[in-house]
Amino acid sequence: MERAEAYGFSGAMSGAFLLSCLLFAAVSRRQRGPYMDEVFHVPQAQAYCHGRFLQWDPMITTLPGLYLLSVGVVKPAAWLLGWTGSVVCSVGMLRFINLLFSAGNFYLLYLLLFKIHQKNKAVSGFQRIMSALTLAMFPTLYFFTFLYYTDPGSVFFTLFSYLMCLYDNHKTSALLGFCGFMFRQTNIVWTVFCAGNVVAEKLNEAWKIELQKKKDEKISSRKGSFSDLTRILQFLVEYLLSPKNLVTLTALTWPYIVLVSLFFVFVFVNGGIVVGDRSSHEACLHFPQLFYFLSFTGFFSFSHLLTPTKIRKFLLSLRKHPMQYSLITVISLFLIWKFTYVHKYLLADNRHYTFYVWRKVFQRHELVKYLLVPLYIFAGWSFADTLKSKSMFWILMYFVCLLAVTVPQKLLEFRYFILPFLIYRLNIPFLSLYRQLLELAFYILVNAVTFYLFLNRTFQWENSDEVQRFMW
C-alpha cells in the first residue's frame, strides 16, 4: 500500500467509524432495551457474562459464538477500565461489539479487494478505498451494526477465512471458518467455498494444459456456449475420478475437509443443523429463493448490472439463443409453481421490509410471481455476465454454494443474502469512478431512509404496549 493510499484508507475508515459512532449513539438513545431478536441474544450473553454457561434459551437457533466472543472482549475491558455493575454487559456494551466488527469488516473488504484484483494495474488506490467504503456501508449489513445480532461477526470471520484462503494459509482459514460456523451454522457453506477456490484453481490449470494438448482454440476456460459447458463438465468428471488428482486435492484442502467432517458429526449428534427452536426453521427446496437473491443483487448492484450496454447484449443473446432461453423460462415457471413457500413470519410480522415487498408485489395477484420471470432471467444473465472474468470452475463452485445457502431457507429474509452478495461483489470488475460514486450515494440514501424509519416512524400493535420499529 502506497503512502497516499494508506492515508486515504485511514481517513475513510476513521470517518466511517466516527459516523457509525454517532448513529450508534442515536440508536442507543431511541432504543435502549433489546429489540426483536435481541430479546433472545442479550439475556443469553448476559447469562454468560455472569458465568452461567450451562443456561441456554431454547428459542435461539444459532451456536454461542457471539456470546462467547462478547464475554471474551467485555470482561477483560471491564477489568482494565474498572467497570462494575450492570454497565459491564449492558445492551449498549454488547451492541458495541458489532461496531468493532464493522470496522474489522471494512478493513477485510479492502484487503480482499486488493488481493482479488491485484493483477489489474488499472485500478487505483482511490477506487479500492471507494469500493471498500461502499461495501462496508452495504445497507442490509450496516443496519445490524447497531443491534446485537450475529450478522457483523458472521461476516467478519467468513471474510477473514476467505482472505486467508486466498493467501494459501488454509489451516488458519479453516480455523476462522470454524469461528464463522459458531456464529451461524450455514457459514459452513463458505468453508466449502474456500476449499472450492483451491479446487477451481487446480482445475483451471489442468484445463489450460488440456487445451494446449488438443490445440483447440475454440474452447476457453471462460464461459461460452452450452456445448463448451458440456465439454468442461466432462473434463471435470474425468479429473475428479482420477485417484492421483483426488490425493493432490485432499492434501491441499484437508483443513477444510476436517471442518466439514466435524460439521456432519454435529448435524448427526444434534439431529439437524438448527439448535434450539426448529419449528420455524424447517429446511425445504425453496428454489425461488435464487430468484429473490438475483432481484436483491440487481437492486443493490444496479450500477453494475443495469446499463444500456448490458441490456443491448442481453437482447442480442435472446435473439441468438431463443430455444435456450425458452427452456430456462419453462424451468423457472415450473420451479415457481411447485416450489414457492410462504413462511408464516413473512405474512405476520409487519416490522420487516420483506412483509411489505411480499404484500405489495407478490400478493397483488396470483400471476405476479410468474410475470416476474423475464426480470429474473435478465438479472441472472447480467449477474453471470459480470463474473465473466472468473474461470468457469470458479463460477460453478460459487453457484453451487449460492444454491446451498439460499434454496433450503423457507423464510424470505434479506439477511441470508448478505454473504453471497458480498462474495459476488468482491469478485466482479471495478466500475468507473462515476458509477462507484453513484453506488456509494445510493447506499447512503438507502441507509438514511432505513435509519429514519427505524428511529422516527414507530408504531404499536393493538395487543402490545411495546414500541415497534421498521427494519430489514
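The values are calculated or read from the model by the stated rules, or taken from the named source; none is laboratory data. Just so we're clear, the structure is a prediction, and the values are computed from it rather than from any experiment. Virtual Cβ from ideal backbone geometry, glycine too; neighbours counted across all protein chains shown. Areas reflect the complete protein model, heavy atoms only, side chains present, ligands, DNA and RNA absent. Shrake-Rupley method; radii C 1.70, N 1.55, O 1.52, S 1.80 Å.
Working carefully through the options K360, K410, find the one that is in contact (Cβ under 8 Å) with a residue 12 or more places away in the chain and open to solvent by 40 Å² or more (accessible area, probe 1.4 Å).
Details: K360 fails: in contact (Cβ under 8 Å) with a residue 12 or more places away in the chain.
So the residue among K360, K410 that is in contact (Cβ under 8 Å) with a residue 12 or more places away in the chain and open to solvent by 40 Å² or more (accessible area, probe 1.4 Å) is K410.
Listed here are the residues, each with its yes/no results for (1) over 21 Å from Y398 (Cβ atoms); (2) of a type in the set (D, E); (3) in contact (Cβ under 8 Å) with a residue 60 or more places away in the chain.
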residue: D168; (1), (2), (3): no, yes, no
residue: T172; (1), (2), (3): yes, no, no
residue: G177; (1), (2), (3): no, no, yes
residue: V189; (1), (2), (3): no, no, yes
residue: F193; (1), (2), (3): no, no, yes
residue: N197; (1), (2), (3): no, no, yes
residue: L203; (1), (2), (3): no, no, yes
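Go through (1) modelled with pLDDT under 95; (2) open to solvent by less than 40 Å² (accessible area, probe 1.4 Å) for A122 and report which single condition fails.
In the conditions (1) modelled with pLDDT under 95; (2) open to solvent by less than 40 Å² (accessible area, probe 1.4 Å), A122 misses (2) alone.
Could you identify the single residue in R435, R415 that is of a type in the set (D, E, K, R), part of a helix (DSSP H, G or I) and under 16 Å from the mean Cα position of the chain (by Cα)? Give the steps one after another, and end with the answer.
Details: R435 fails: under 16 Å from the mean Cα position of the chain (by Cα).
R415 is the lone residue from the list that is of a type in the set (D, E, K, R), part of a helix (DSSP H, G or I) and under 16 Å from the mean Cα position of the chain (by Cα).
Out of C179, C194, report the one residue that is assigned to a helix (DSSP H, G or I) and either in contact with a strand residue (DSSP E or B) (Cβ under 8 Å, 6 or more places away or on another chain) or within 16 Å of C401 (Cα to Cα) (or both).
On the way: C179 fails: either in contact with a strand residue (DSSP E or B) (Cβ under 8 Å, 6 or more places away or on another chain) or within 16 Å of C401 (Cα to Cα) (or both).
The match here is C194.
Residues of region 79-95 being under 14 Å from G33 (Cβ atoms), surrounded by fewer than 19 Cβ atoms within 10 Å (Cβ to Cβ) and modelled with pLDDT of 80 or more, which ones?
Once the filter is applied, which keeps residues that are under 14 Å from G33 (Cβ atoms), surrounded by fewer than 19 Cβ atoms within 10 Å (Cβ to Cβ) and modelled with pLDDT of 80 or more, region 79-95 yields S90, G92.
Among the residues of region 245-284, which ones are surrounded by 13 or more Cβ atoms within 10 Å (Cβ to Cβ) and either touching a strand residue (DSSP E or B) at 6+ places or on another chain (Cβ under 7 Å) or outside any helix (DSSP H, G or I) (or both)?
Passing the criteria: G272, I273, V274, V275, G276, D277, R278, S280, H281, E282, A283, C284.
Test S332 against the stated conditions and say whether it is surrounded by 13 or more Cβ atoms within 10 Å (Cβ to Cβ), under 22 Å from F417 (Cβ atoms) and at pLDDT below 95. Walk me through it before giving the result.
Working: surrounded by 13 or more Cβ atoms within 10 Å (Cβ to Cβ): yes; under 22 Å from F417 (Cβ atoms): yes; at pLDDT below 95: no.
It is false that S332 is surrounded by 13 or more Cβ atoms within 10 Å (Cβ to Cβ), under 22 Å from F417 (Cβ atoms) and at pLDDT below 95.
How about region 360-376: which of its residues are touching a Phe, Trp or Tyr at 6+ places or on another chain (Cβ under 6 Å) and not basic (K, R)?
Step one: of region 360-376, the residues touching a Phe, Trp or Tyr at 6+ places or on another chain (Cβ under 6 Å) are 368-369, 376.
Of everything in region 360-376, those that are touching a Phe, Trp or Tyr at 6+ places or on another chain (Cβ under 6 Å) and not basic (K, R) turn out to be V368, Y376.
For a quick check of your reading of the model, give me the residue pairs whose first member lies in region 339-356 and is not assigned by the TED database to the domain that holds K410 and open to solvent by less than 30 Å² (accessible area, probe 1.4 Å), whose second is modelled with pLDDT of 95 or more and in a helix (DSSP H, G or I), with beta-carbon atoms closer than 7 Å and at least 6 apart or on different chains.
none
Which condition number in (1) open to solvent by less than 20 Å² (accessible area, probe 1.4 Å); (2) more than 23 Å from T329 (Cα to Cα); (3) in contact with a Pro (Cβ under 7 Å, 6 or more places away or on another chain) is the one that L402 fails?
(2)
Which ones in region 417-442 are among the hydroxyl-bearing types (S, T, Y) and either in contact with a helix residue (DSSP H, G or I) (Cβ under 6 Å, 6 or more places away or on another chain) or open to solvent by 40 Å² or more (accessible area, probe 1.4 Å) (or both)?
Taking region 417-442 and keeping what is among the hydroxyl-bearing types (S, T, Y), we get 424, 432, 434.
Across region 417-442, the qualifying residues are S432, Y434.
Can you tell which of L109, L147 is touching a strand residue (DSSP E or B) at 6+ places or on another chain (Cβ under 9 Å) and surrounded by 16 or more Cβ atoms within 10 Å (Cβ to Cβ)? Give the steps one after another, and end with the answer.
Values: L109 fails: touching a strand residue (DSSP E or B) at 6+ places or on another chain (Cβ under 9 Å).
Just a single option satisfies the conditions, and that option is L147.
Against the condition surrounded by 12 or more Cβ atoms within 10 Å (Cβ to Cβ), modelled with pLDDT under 95, among the aliphatic types (A, V, I, L, M) and more than 29 Å from C165 (Cα to Cα), how does L306 come out, does it pass? Break it down stepwise before answering.
Numbers: surrounded by 12 or more Cβ atoms within 10 Å (Cβ to Cβ): yes; modelled with pLDDT under 95: yes; among the aliphatic types (A, V, I, L, M): yes; more than 29 Å from C165 (Cα to Cα): yes.
When the stated conditions are applied, L306 passes them.
Table: residues versus (1) over 30 Å from H170 (Cα atoms); (2) acidic (D, E); (3) at pLDDT below 90; (4) not assigned by the TED database to the domain that holds P420.
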residue	(1), (2), (3), (4)
E238	no, yes, yes, yes
T248	no, no, no, yes
L252	no, no, no, yes
V258	no, no, no, yes
F287	yes, no, no, no
S295	yes, no, no, no
